[in-house]
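Engineer: Just dropping this structure here.
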Amino acid sequence: MSKLKQFFLAFVLFGLSAMAVYSQTSGSISGTSLNWAFVNGTLTISGSGRMPDWLSTENRPWQSHIDNIRTVTIETGVTRIGNFAFYNHTTIASVGIGNSVTEIGQNAFGECRGLRSVTIPASVIEIGNRAFSGSGLAEIVIPDNVTTLGNSVFSGCKQLISASIGRGITKLPDNAFSESGLTEITIPEWVSDVGSNTFSDSLNLATVYFNPVNSRGYDIAFVVFNPFYDCPALRTVIFGNTVQEIPDALFYSQPGITSLTIGSNVVRINKYAFSGCRGLSEIIIPDRVHTVAPFAFENCTGVTSLILGSGVTEIGSGSFRNSGAAEITIPEGVTSIGGRAFSDCTKLKTVYFNGINCENFISTNGHFADCPLLTSVIFGNRVRRIPEHALSSLSSIETVTIGSGVETIGNYAFAYCTGLTGIVIPDNVETLNRFAFDGCTRLRSARIGSGITEIPNSAFRNSGLTEITIPDGIVSIGGNAFSGSSRLRTVYFNARNCGDFSATNYHFDNCSSLEEVVFGDNVRRIPAYAIYGASSVELVTIGSRVNAIGNYAFSGCSSLEEITNKAATPQPVHYSVFGNVNKAACTLDVPAASLDAYRNAAEWKDFF
């Protein structure tokens, strides 16, 4: 036979073989006890055992029918669907899986864009990475026996609008439903870990029902891996009553969220949980929540209503910074408020502070810093202690109300509140601490309640007071208590038995406008150094019951023009009492019946 004939015969035989392969409608699957058959658009896999794995580019035995397969039936007996088994079979519309299958391999139905429905039997316990990614599924029910889902298992399923997660799933893997068509999702209570980008880029996702008891948190440094990253349609988030803790940064920077419901059993809201949710207008923290962690609601600029539950004890640093609330109520149980917790709230006008025994603030923390409209703070009647630095350096504050239960005002509590014009310290206050009103340059009036026994160091230093009344019960006045109060003109001194001052304490130092000091009729003794060095004082009145005047009491009052002494009996005084007082230029007014006694009394007689 010629070579030409041999070649022609080989070519014919090859063609016939190829046609036989192309037209083959059934056969076995190599290396397995499985068979396949294609009849009228349906591909059936039968036999027993596991399907083999393929690569995405490998031909399957039924490859010649790939454009005509409408239905896939995996019969009972098959235990595993192999990797890439039906990958990119775009014409498949439905799949039936026998109840012997325990595992669906990676990309088994990936890119099956025509696939609309599949029923996963209860026998399946594992679904591999990207098993249905890019498919056309409209809904999926993951049965309770499935314990493992692979990464990106339903990612890119843009037609998927409904997904039910079975009880066996405790972890939702990374990208599980990313770029899906879901409009809402319920994450059940048994899930403890929601992976990175689980629902990211799901452009239609509008509602999330979040029920995990305690799920892991996220890092804002890697916000692009947040499970709901770039879900622009997300509007509603509901935390169920099974939730105990809201994870870190779960909904960080989700500006589209407008409605938030926090379940009744939540006890802790972790850091950055809702930071940057600018669309929220209302935040209601339920009564069981005890901790709002740092920055939990930072930059929620759209918030106009903020309600903190009665169980809140800890408000973390920056937790409500830059919110839009006009008023805030601090609950009674709050014991700790972190730095800048409410700073930069540019619409905040009023704070109702009801924390009974809140810890001291720190001067550099600026809890209410940069709240330019904050003018009024009311401390409730159950508050026992106003913390140190509570409102220090808040120049916008104009009015402060101190409740009937307050016993202690902390150091620097109102220091440098330069907008404060008046203060009433009620009688129930027992302790006023140092620098409490230091630097309140516009403070024109202050009423010191009868419960105060000590006015501490620098309590009203550099204030704007024009007059002050020292109550009956004061027994001690600290150094610089009123020094630098350049507008102070009149002091009404009613302390019955106040302890001696010191030459180095300068209680009224640099009170350049101080003209008159009146010692009331209940005063028994004028302390040593009482107005020592007050060179601007022109008028002094000594009450009718004063029977003793301490050394140097008026020494250095070089402008003294008139003394009215109402006591019937001249007080014995040390020569230092009127040191540097020009007695010849100073008028002494005394009771008419006592005139002779004063003319004969040591030191007093020098005024006549």
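Engineer: Tell me the label-point distance for the pair Glu561, Ala503, using the 7 Å Cα-to-Cβ offset, in nm and rounded to one decimal.
Structural biologist: 3.0
Engineer: Determine the gain in length on full extension of the stretch Phe608-Ser33; use 0.36 nm per residue of separation and subtract their C-alpha separation, reporting nm with one decimal.
Structural biologist: 193.8 nm
Engineer: Efficiency by 1/(1 + (r/R0)^6): what FRET value for Ser450 and Thr148, r their Cβ-Cβ distance, R0 = 56 Å, to the nearest 0.05?
Structural biologist: 0.15
Engineer: If you take the beta carbon distance between Ser376 and Ser476 as r and set R0 to 35 Å, what does 1/(1 + (r/R0)^6) give as a FRET efficiency, to the nearest 0.05?
Structural biologist: Efficiency, from the Cβ-Cβ distance: 0.65.
Engineer: Distance in nm between label sites at Asn360 and Thr90, each 7 Å beyond Cα in the beta-carbon direction?
Structural biologist: In this crude spin-label approximation the distance works out to 7.3 nm.
Engineer: In addition: Can you work out the PRE-style zone for Ser513? Point 7 Å along Cα to Cβ, and I want the residues of the stretch 396-416 with backbone N under 19 Å.
Structural biologist: Within reach of a label on Ser513, which here means backbone N under 19 Å from a point 7 Å along Cα→Cβ, the stretch 396-416 contributes 416.
Engineer: Helix 3-22 versus the longest principal axis of the chain: what angle, 0 to 90°, nearest 10, using Cα atoms?
Structural biologist: The two axes meet at around 50 degrees.
Engineer: Another question, then. Please list 3J(HN,Hα) in residue order for the stretch 185-190, calculated via the Karplus relation 6.51 cos²θ - 1.76 cosθ + 1.60 where θ = phi - 60°; whole Hz, with x for glycine and proline.
Structural biologist: 8, 10, 9, x, 5, 7
Engineer: Per-residue HN-Hα couplings for the stretch 77-90, Karplus 6.51 cos²θ - 1.76 cosθ + 1.60 at θ = phi - 60°, whole Hz, x for Gly and Pro?
Structural biologist: x, 6, 9, 8, 9, x, 4, 6, 3, 10, 4, 6, 7, 6
Engineer: May I pose another question? Please work out the FRET efficiency for the pair Glu407 and Asp193, using the Cβ-Cβ distance as r and a Förster radius of 56 Å; give the result to the nearest 0.05. Working shown, then result.
Structural biologist: Working: r = 49 Å, r/R0 = 0.87.
It comes to 0.70.
Engineer: Sort 203-216, 149-162 for me by packing, meaning the mean count of neighbouring Cβ atoms within 10 Å per residue, highest on top.
Structural biologist: Listed from highest to lowest mean packing, they are 149-162, 203-216.
Engineer: What does the helix-only formula give at 222 nm for the chain: each DSSP H stretch with n ≥ 4 adding -39500 (n - 2.57), the total divided by the residues, and the result rounded to the nearest 500 deg cm²/dmol? Display every interim value, and only then the final one.
Structural biologist: Working: 2 runs with 25 residues, N = 608.
Calculated mean residue ellipticity at 222 nm is -1500 deg cm²/dmol.
Engineer: Further question on the same structure: Taking H placed 1.01 Å from N in the peptide plane, check which residues at least 5 places from Ile423 or on another chain put their amide H under 5 Å from its amide H.
Structural biologist: HN-HN under 5 Å from Ile423: Ser445, Ala446, Arg447.
Engineer: How much length would be gained if the chain were fully extended between Ser259 and Thr186, taking 0.36 nm per residue of separation minus their Cα-Cα distance, in nm to one decimal?
Structural biologist: 24.7 nm
Engineer: Between the stretch 235-268 and the stretch 132-153, what is the C-alpha centre distance in whole Å?
Structural biologist: Using only Cα atoms, the two centres lie 25 Å from each other.
Engineer: While we're looking at this one, here's another question. Using Cα pairs closer than 8 Å and at least 6 residues apart in sequence, work out the relative contact order for the chain, in percent.
Structural biologist: Relative contact order for the chain comes out at 4 percent.
Engineer: Hey, another quick one. Would you work out which of Phe109, Val523, Ala534 lies farthest towards the positive end of the dipole of the chain, given +1 charges on the beta-carbon of Lys and Arg and -1 on that of Asp and Glu, about the Cα centre?
Structural biologist: Farthest towards the positive end: Phe109.
Engineer: Determine ³J(HN,Hα), in whole Hz, for all residues of the stretch 412-418 in sequence, where each value follows from phi through the Karplus function 6.51 cos²θ - 1.76 cosθ + 1.60 and θ = phi - 60°; x replaces Gly and Pro.
Structural biologist: Working through the residues one at a time gives 6, 3, 10, 4, 6, 7, 6 Hz.
Engineer: If you don't mind, there's one more thing I want to ask. So the label point goes 7 Å from the Cα of Thr304 along Cα→C-beta, right? Which residues of the stretch 323-345 then have their backbone N under 18 Å from it?
Structural biologist: Within reach of a label on Thr304, which here means backbone N under 18 Å from a point 7 Å along Cα→Cβ, the stretch 323-345 contributes 323-329, 345.
Engineer: Say a paramagnetic label sat at a point 7 Å from the Cα of Ser56, along Cα to Cβ; which residues of the stretch 148-182 have their backbone N under 16 Å from it?
Structural biologist: Hits in the stretch 148-182 for Ser56 at 16 Å: 151-157.
Engineer: Could you pull out every residue, at least 5 positions away or on a different chain, whose amide H is within less than 5 Å of the one on Leu205? Hs are placed 1.01 Å off N in the peptide plane, and Pro or chain starts have none.
Structural biologist: It is Ala233, by chain and number.
Engineer: The list (i) 158; (ii) 672; (iii) 196 gives values of volume of the Cα convex hull per residue in Å³, and only one came from this structure; which label was calculated from it?
Structural biologist: (i)
Engineer: Ok, one more. So how far apart, in nm, are the two label points at Arg216 and Ser336 if each is 7 Å from Cα heading toward Cβ?
Structural biologist: In this crude spin-label approximation the distance works out to 2.6 nm.
Engineer: Continuing with the same structure: Find the relative contact order for the stretch 290-374 and round it to a whole percent, using C-alpha pairs within less than 8 Å whose residues are 6+ positions apart.
Structural biologist: The value is 27 percent.
Engineer: Another one. Please give the length that would be gained between His290 and Ser26 if that part of the chain were fully extended, namely 0.36 nm times their separation in residues minus their C-alpha to C-alpha distance (nm, one decimal).
Structural biologist: 88.4 nm
Engineer: Amide H to amide H under 5 Å from Gly96: which residues, 5+ apart in sequence or cross-chain, H placed 1.01 Å off N in plane?
Structural biologist: For Gly96, the qualifying residues are Val72, Thr73, Ile74.
Engineer: Identify, among Ala37, Ile140, Asn480, the residue whose Cα sits farthest towards the positive end of the charge dipole of the chain, taking +1 on the Cβ of Lys and Arg and -1 on the Cβ of Asp and Glu, with the dipole about the Cα centre.
Structural biologist: Among Ala37, Ile140, Asn480, the one farthest towards the positive end of the dipole of the chain is Ala37.
Engineer: Treating the beta-carbon of each Lys and Arg as +1 and of each Asp and Glu as -1, no other charges, what is the dipole magnitude of the chain about its Cα centre, to the nearest 20 debye? Spell out each step's value before the answer.
Structural biologist: Working: 40 positive and 49 negative charges, 245 e Å.
Roughly 1180 debye, rounded to the nearest 20.
Any read-out appearing in this document is the output of simple, stated calculations on the displayed coordinates, not a laboratory observation. Nothing here was measured: the structure is a model prediction, and the numbers come from that model. When we count neighbours, we look across all protein chains shown, and the Cβ atoms used for this are built from the backbone with ideal geometry, even at glycine.
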